[in-house]
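Below: one structure, written as C-alpha coordinates.
The values are calculated or read from the model by the stated rules, or taken from the named source; none is laboratory data. It should be emphasised that the depicted structure is a prediction, and the values quoted were computed from it without experimental measurement. Positions of Cβ are generated from backbone atoms using ideal geometry, with glycine treated the same way; all protein chains shown enter the neighbour counts. What goes into the accessible areas is simple: the full protein's heavy atoms, side chains included, and nothing from ligands, DNA or RNA. Shrake-Rupley method; radii C 1.70, N 1.55, O 1.52, S 1.80 Å.
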Amino acid sequence: MYLCYMNGEFIEPDKAVLPISDLIIQRGVGVFEVIATHKSKALMLTPHLNRLLNSAKSSGIINIPDIEFMKKIIREGISKIAHEVRVKPYITGGDNFDEASGKFTHPRFFVIFEPQEHMPKEIYDHGVMLEPVPFGREDPNVKSVDYRKTYQLPAGAFESLYCPDGEITEAGHSTFFLVLKNNTLVTAPLERVLKGTTRSAILDIAKNEGLKIEERCPLWSELVNEDAAEAFITGSVKRVVPVVKIGGITMSNGRPGEITKRLANLYDEYIERWLE
(Lines give C-alpha, C1' and ligand atoms only; values in the text may rest on other atoms or scores of the structure.)
Protein backbone atom coordinates (compact mmCIF):
# COMPACT_ATOMS: atom_id res chain seq x y z
CA MET A 1 0.00 0.00 0.00
CA TYR A 2 1.36 3.43 -0.96
CA LEU A 3 -0.92 5.90 0.79
CA CYS A 4 -4.18 6.33 2.68
CA TYR A 5 -6.61 9.23 2.99
CA MET A 6 -8.39 9.27 6.33
CA ASN A 7 -9.78 11.90 8.68
CA GLY A 8 -8.99 14.77 6.35
CA GLU A 9 -5.37 13.97 5.57
CA PHE A 10 -3.09 11.77 3.51
CA ILE A 11 -1.12 9.49 5.79
CA GLU A 12 1.16 6.49 5.67
CA PRO A 13 -0.86 3.26 5.55
CA ASP A 14 0.47 1.95 8.88
CA LYS A 15 -0.88 5.06 10.60
CA ALA A 16 -4.44 4.57 9.31
CA VAL A 17 -6.71 3.36 12.10
CA LEU A 18 -10.43 2.62 12.35
CA PRO A 19 -12.09 2.42 15.78
CA ILE A 20 -13.42 -1.01 16.63
CA SER A 21 -16.80 0.65 17.22
CA ASP A 22 -17.22 1.17 13.47
CA LEU A 23 -19.93 -1.11 12.10
CA ILE A 24 -17.76 -2.07 9.14
CA ILE A 25 -15.75 -4.05 11.71
CA GLN A 26 -18.54 -5.18 14.03
CA ARG A 27 -21.23 -6.05 11.46
CA GLY A 28 -19.64 -5.84 8.02
CA VAL A 29 -21.61 -2.70 7.12
CA GLY A 30 -19.64 -0.89 4.45
CA VAL A 31 -19.29 -0.38 0.69
CA PHE A 32 -16.31 0.19 -1.55
CA GLU A 33 -15.01 0.53 -5.10
CA VAL A 34 -11.85 -0.47 -6.96
CA ILE A 35 -10.69 2.11 -9.51
CA ALA A 36 -7.78 1.53 -11.87
CA THR A 37 -5.51 4.23 -13.25
CA HIS A 38 -4.00 4.57 -16.71
CA LYS A 39 -1.30 7.16 -17.41
CA SER A 40 -1.91 8.41 -13.84
CA LYS A 41 -5.56 9.21 -14.48
CA ALA A 42 -8.54 7.45 -12.94
CA LEU A 43 -10.43 5.12 -15.23
CA MET A 44 -14.21 5.69 -15.26
CA LEU A 45 -14.04 7.72 -12.06
CA THR A 46 -17.55 9.17 -12.27
CA PRO A 47 -19.34 5.83 -12.87
CA HIS A 48 -17.38 4.23 -10.04
CA LEU A 49 -18.23 6.96 -7.56
CA ASN A 50 -21.87 7.05 -8.62
CA ARG A 51 -21.99 3.32 -7.93
CA LEU A 52 -20.32 3.85 -4.56
CA LEU A 53 -22.93 6.45 -3.60
CA ASN A 54 -25.76 4.21 -4.78
CA SER A 55 -24.32 1.27 -2.83
CA ALA A 56 -24.19 3.40 0.32
CA LYS A 57 -27.73 4.67 -0.10
CA SER A 58 -29.05 1.16 -0.81
CA SER A 59 -27.32 0.03 2.41
CA GLY A 60 -29.04 2.72 4.46
CA ILE A 61 -25.89 4.81 4.90
CA ILE A 62 -26.58 8.55 4.89
CA ASN A 63 -24.62 11.79 5.39
CA ILE A 64 -22.03 10.62 2.89
CA PRO A 65 -19.49 12.82 1.06
CA ASP A 66 -20.57 14.29 -2.27
CA ILE A 67 -19.06 13.06 -5.50
CA GLU A 68 -17.01 16.18 -6.27
CA PHE A 69 -15.30 16.00 -2.88
CA MET A 70 -14.42 12.35 -3.45
CA LYS A 71 -13.09 13.10 -6.94
CA LYS A 72 -10.85 15.83 -5.51
CA ILE A 73 -9.40 13.50 -2.87
CA ILE A 74 -8.80 10.68 -5.32
CA ARG A 75 -7.12 12.88 -7.92
CA GLU A 76 -4.93 14.47 -5.28
CA GLY A 77 -3.89 11.06 -3.98
CA ILE A 78 -3.05 9.81 -7.47
CA SER A 79 -0.93 12.91 -8.09
CA LYS A 80 1.21 12.10 -5.04
CA ILE A 81 2.30 8.71 -6.45
CA ALA A 82 4.67 8.22 -9.38
CA HIS A 83 3.22 4.85 -10.41
CA GLU A 84 -0.08 3.45 -11.60
CA VAL A 85 -2.30 2.76 -8.60
CA ARG A 86 -5.41 0.88 -7.62
CA VAL A 87 -7.71 3.27 -5.77
CA LYS A 88 -10.14 1.82 -3.21
CA PRO A 89 -12.59 4.32 -1.67
CA TYR A 90 -14.67 3.04 1.26
CA ILE A 91 -17.76 4.30 3.05
CA THR A 92 -18.31 2.56 6.37
CA GLY A 93 -21.41 2.09 8.50
CA GLY A 94 -19.84 4.30 11.15
CA ASP A 95 -20.64 4.10 14.85
CA ASN A 96 -24.35 4.77 14.92
CA PHE A 97 -27.49 3.04 13.68
CA ASP A 98 -30.61 5.15 14.13
CA GLU A 99 -33.45 2.74 14.83
CA ALA A 100 -36.14 5.34 14.19
CA SER A 101 -35.01 6.00 10.61
CA GLY A 102 -33.31 2.65 9.98
CA LYS A 103 -30.18 4.49 8.80
CA PHE A 104 -26.48 4.48 9.54
CA THR A 105 -26.02 8.15 10.27
CA HIS A 106 -22.30 8.69 10.97
CA PRO A 107 -20.27 6.96 8.25
CA ARG A 108 -16.55 7.23 7.69
CA PHE A 109 -14.91 7.81 4.31
CA PHE A 110 -11.40 6.68 3.56
CA VAL A 111 -9.35 5.85 0.48
CA ILE A 112 -6.56 3.33 -0.01
CA PHE A 113 -4.00 3.87 -2.77
CA GLU A 114 -2.09 0.67 -3.50
CA PRO A 115 0.11 -0.72 -6.29
CA GLN A 116 -1.79 -1.62 -9.43
CA GLU A 117 -0.62 -5.11 -10.24
CA HIS A 118 -1.43 -6.21 -13.77
CA MET A 119 -2.65 -9.73 -14.42
CA PRO A 120 -0.06 -12.19 -15.71
CA LYS A 121 0.12 -12.28 -19.51
CA GLU A 122 -0.70 -16.00 -19.59
CA ILE A 123 -4.18 -15.26 -18.23
CA TYR A 124 -4.98 -13.33 -21.40
CA ASP A 125 -3.10 -15.73 -23.66
CA HIS A 126 -4.60 -18.94 -22.28
CA GLY A 127 -7.79 -17.89 -20.45
CA VAL A 128 -9.15 -18.89 -17.04
CA MET A 129 -11.52 -21.32 -15.34
CA LEU A 130 -14.60 -20.21 -13.40
CA GLU A 131 -16.20 -22.30 -10.68
CA PRO A 132 -20.03 -22.34 -10.86
CA VAL A 133 -21.89 -21.88 -7.56
CA PRO A 134 -25.66 -22.25 -7.04
CA PHE A 135 -26.34 -18.78 -5.63
CA GLY A 136 -26.05 -15.11 -6.56
CA ARG A 137 -25.04 -11.80 -5.07
CA GLU A 138 -27.18 -10.97 -2.04
CA ASP A 139 -28.05 -7.50 -3.35
CA PRO A 140 -27.03 -6.59 -6.93
CA ASN A 141 -27.35 -2.88 -6.12
CA VAL A 142 -24.63 -2.98 -3.46
CA LYS A 143 -20.89 -3.50 -3.75
CA SER A 144 -20.53 -4.59 -0.14
CA VAL A 145 -17.28 -5.31 1.68
CA ASP A 146 -18.52 -8.85 2.33
CA TYR A 147 -16.76 -10.86 -0.39
CA ARG A 148 -16.13 -13.91 1.77
CA LYS A 149 -17.92 -16.40 -0.48
CA THR A 150 -15.97 -15.31 -3.56
CA TYR A 151 -12.74 -16.64 -2.05
CA GLN A 152 -14.00 -20.16 -1.38
CA LEU A 153 -12.67 -21.70 -4.58
CA PRO A 154 -11.15 -25.02 -5.61
CA ALA A 155 -7.59 -25.15 -6.90
CA GLY A 156 -7.25 -23.76 -10.40
CA ALA A 157 -10.38 -21.60 -10.35
CA PHE A 158 -9.92 -17.92 -11.13
CA GLU A 159 -13.29 -16.76 -9.77
CA SER A 160 -16.68 -18.11 -8.80
CA LEU A 161 -19.57 -17.86 -11.27
CA TYR A 162 -23.02 -17.20 -9.84
CA CYS A 163 -25.52 -19.68 -11.32
CA PRO A 164 -28.80 -19.52 -9.38
CA ASP A 165 -31.71 -21.64 -10.65
CA GLY A 166 -30.23 -22.45 -14.05
CA GLU A 167 -29.31 -18.85 -14.86
CA ILE A 168 -25.90 -17.21 -14.94
CA THR A 169 -25.71 -13.74 -13.45
CA GLU A 170 -22.12 -12.60 -12.82
CA ALA A 171 -18.74 -13.72 -11.58
CA GLY A 172 -17.56 -13.18 -8.02
CA HIS A 173 -15.52 -10.07 -8.87
CA SER A 174 -16.49 -9.44 -12.49
CA THR A 175 -19.17 -9.06 -15.14
CA PHE A 176 -19.77 -12.22 -17.17
CA PHE A 177 -20.37 -12.31 -20.93
CA LEU A 178 -21.37 -15.27 -23.08
CA VAL A 179 -20.94 -15.30 -26.86
CA LEU A 180 -23.37 -17.59 -28.66
CA LYS A 181 -22.50 -19.40 -31.87
CA ASN A 182 -24.64 -16.93 -33.85
CA ASN A 183 -22.29 -14.12 -32.62
CA THR A 184 -24.82 -12.79 -30.11
CA LEU A 185 -23.32 -11.28 -26.97
CA VAL A 186 -25.34 -12.12 -23.85
CA THR A 187 -24.96 -10.59 -20.39
CA ALA A 188 -27.30 -10.29 -17.43
CA PRO A 189 -29.52 -7.18 -17.08
CA LEU A 190 -28.69 -4.53 -14.50
CA GLU A 191 -31.63 -5.41 -12.28
CA ARG A 192 -29.92 -8.76 -11.65
CA VAL A 193 -26.26 -7.79 -11.32
CA LEU A 194 -23.90 -5.12 -10.10
CA LYS A 195 -23.55 -2.32 -12.65
CA GLY A 196 -20.09 -3.07 -14.00
CA THR A 197 -18.22 0.00 -15.26
CA THR A 198 -16.24 -1.98 -17.83
CA ARG A 199 -19.48 -3.74 -18.78
CA SER A 200 -20.86 -0.48 -20.18
CA ALA A 201 -17.73 0.16 -22.22
CA ILE A 202 -17.72 -3.35 -23.71
CA LEU A 203 -21.40 -3.10 -24.66
CA ASP A 204 -20.72 0.21 -26.45
CA ILE A 205 -17.80 -1.32 -28.33
CA ALA A 206 -19.81 -4.40 -29.24
CA LYS A 207 -22.65 -2.25 -30.62
CA ASN A 208 -20.19 -0.31 -32.77
CA GLU A 209 -18.83 -3.62 -34.05
CA GLY A 210 -22.30 -4.66 -35.15
CA LEU A 211 -22.67 -7.51 -32.68
CA LYS A 212 -26.18 -8.45 -31.61
CA ILE A 213 -26.61 -7.92 -27.86
CA GLU A 214 -29.08 -9.52 -25.48
CA GLU A 215 -29.26 -8.17 -21.94
CA ARG A 216 -30.67 -11.23 -20.20
CA CYS A 217 -29.23 -13.87 -17.96
CA PRO A 218 -27.26 -16.46 -19.91
CA LEU A 219 -28.61 -19.94 -19.27
CA TRP A 220 -26.71 -22.93 -17.95
CA SER A 221 -28.48 -24.97 -20.64
CA GLU A 222 -26.75 -22.85 -23.28
CA LEU A 223 -23.45 -24.18 -22.00
CA VAL A 224 -24.62 -27.78 -21.69
CA ASN A 225 -26.27 -27.79 -25.14
CA GLU A 226 -23.18 -26.18 -26.70
CA ASP A 227 -25.07 -23.13 -27.96
CA ALA A 228 -22.27 -20.96 -26.57
CA ALA A 229 -19.06 -20.38 -28.52
CA GLU A 230 -16.96 -18.42 -26.01
CA ALA A 231 -17.07 -16.47 -22.75
CA PHE A 232 -15.18 -13.74 -20.94
CA ILE A 233 -15.29 -11.60 -17.82
CA THR A 234 -14.54 -7.92 -17.36
CA GLY A 235 -13.39 -5.67 -14.53
CA SER A 236 -11.71 -2.35 -13.90
CA VAL A 237 -8.23 -3.72 -13.26
CA LYS A 238 -8.42 -7.03 -15.16
CA ARG A 239 -10.10 -5.42 -18.22
CA VAL A 240 -11.17 -8.33 -20.50
CA VAL A 241 -10.21 -11.88 -19.44
CA PRO A 242 -11.04 -14.90 -21.64
CA VAL A 243 -12.88 -17.80 -19.98
CA VAL A 244 -11.95 -21.22 -21.40
CA LYS A 245 -13.55 -23.46 -18.79
CA ILE A 246 -16.65 -23.25 -16.58
CA GLY A 247 -16.68 -26.10 -14.09
CA GLY A 248 -16.29 -29.20 -16.24
CA ILE A 249 -17.36 -27.46 -19.48
CA THR A 250 -14.68 -26.37 -21.95
CA MET A 251 -15.29 -23.18 -23.93
CA SER A 252 -13.97 -22.33 -27.41
CA ASN A 253 -11.89 -25.51 -27.60
CA GLY A 254 -9.97 -24.43 -24.52
CA ARG A 255 -8.60 -21.26 -26.12
CA PRO A 256 -9.58 -17.57 -25.95
CA GLY A 257 -12.31 -16.88 -28.51
CA GLU A 258 -11.89 -14.58 -31.49
CA ILE A 259 -14.67 -12.17 -30.48
CA THR A 260 -13.25 -12.01 -26.96
CA LYS A 261 -9.82 -11.11 -28.33
CA ARG A 262 -11.27 -8.51 -30.70
CA LEU A 263 -13.25 -6.78 -27.94
CA ALA A 264 -10.24 -6.89 -25.60
CA ASN A 265 -8.02 -5.27 -28.22
CA LEU A 266 -10.58 -2.57 -28.96
CA TYR A 267 -11.02 -1.84 -25.26
CA ASP A 268 -7.27 -1.33 -24.89
CA GLU A 269 -7.26 0.84 -28.02
CA TYR A 270 -10.07 3.09 -26.79
CA ILE A 271 -9.21 3.14 -23.07
CA GLU A 272 -8.24 6.82 -23.01
CA ARG A 273 -11.87 7.72 -23.76
CA TRP A 274 -12.77 6.78 -20.20
CA LEU A 275 -9.97 8.53 -18.31
CA GLU A 276 -10.82 11.26 -15.83
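Quick rundown of the values:
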read-out	value
Failed criterion for Asn63 (all others in (1) surrounded by fewer than 14 Cβ atoms within 10 Å (Cβ to Cβ); (2) within 26 Å of Arg273 (Cα to Cα); (3) in contact (Cβ under 8 Å) with a residue 24 or more places away in the chain; (4) not basic (Lys, Arg) hold)	(2)
Conditions (1) without any contact (Cβ under 8 Å) to a residue 60 or more places away in the chain; (2) surrounded by 12 or more Cβ atoms within 10 Å (Cβ to Cβ): number failed by Pro132	(1)
Residue list for the range 215-247, restricted to those being in a strand (DSSP E or B), aliphatic (A, V, I, L, M) and open to solvent by 10 Å² or more (accessible area, probe 1.4 Å)	Leu219, Ala228, Ala229, Val244
So Thr187, is it touching a helix residue (DSSP H, G or I) at 6+ places or on another chain (Cβ under 8 Å) and under 29 Å from Ile24 (Cβ atoms)	no
Given (1) on the phi < 0 side of the Ramachandran plot; (2) out of contact with any Ser or Thr (no Cβ under 6 Å at 6 or more places or on another chain); (3) open to solvent by 10 Å² or more (accessible area, probe 1.4 Å), number of the condition Ser252 does not satisfy	(1)
Every residue from the range 16-30 that is under 16 Å from Val111 (Cβ atoms), of a type in the set (A, V, I, L, M, F, W, C) and within 22 Å of the chain's Cα centre (by Cα)	Ile24
Residue match in the range 170-187 (condition: without any contact (Cβ under 8 Å) to a residue 60 or more places away in the chain, surrounded by 23 or more Cβ atoms within 10 Å (Cβ to Cβ), of a type outside the set (Asp, Glu) and more than 18 Å from Thr250 (Cβ to Cβ))	yes
Sole residue being among the small types (Gly, Ala, Ser), at pLDDT below 95 and in contact with a helix residue (DSSP H, G or I) (Cβ under 9 Å, 6 or more places away or on another chain), chosen from Gly156, Gly136, Gly127	Gly136
Failed item, numbered, when Lys103 is tested on (1) in contact with a strand residue (DSSP E or B) (Cβ under 9 Å, 6 or more places away or on another chain); (2) open to solvent by 60 Å² or more (accessible area, probe 1.4 Å); (3) modelled with pLDDT of 95 or more; (4) farther than 22 Å from Pro65 by Cα	(4)
Members of the range 1-37 found to be over 16 Å from Val87 (Cα atoms), open to solvent by less than 90 Å² (accessible area, probe 1.4 Å) and of a type in the set (Asp, Glu), listed by number	Asp22
Residues satisfying the stated conditions in the range 135-150, i.e. part of a helix (DSSP H, G or I) and in contact (Cβ under 8 Å) with a residue 12 or more places away in the chain	Lys149, Thr150
In the range 1-53, the residues that are in a loop (DSSP other than H, G, I, E, B), at negative phi and not hydrophobic (A, V, I, L, M, F, W, C)	Tyr2, Glu12, Pro19, Ser21, Asp22, Arg27, Glu33
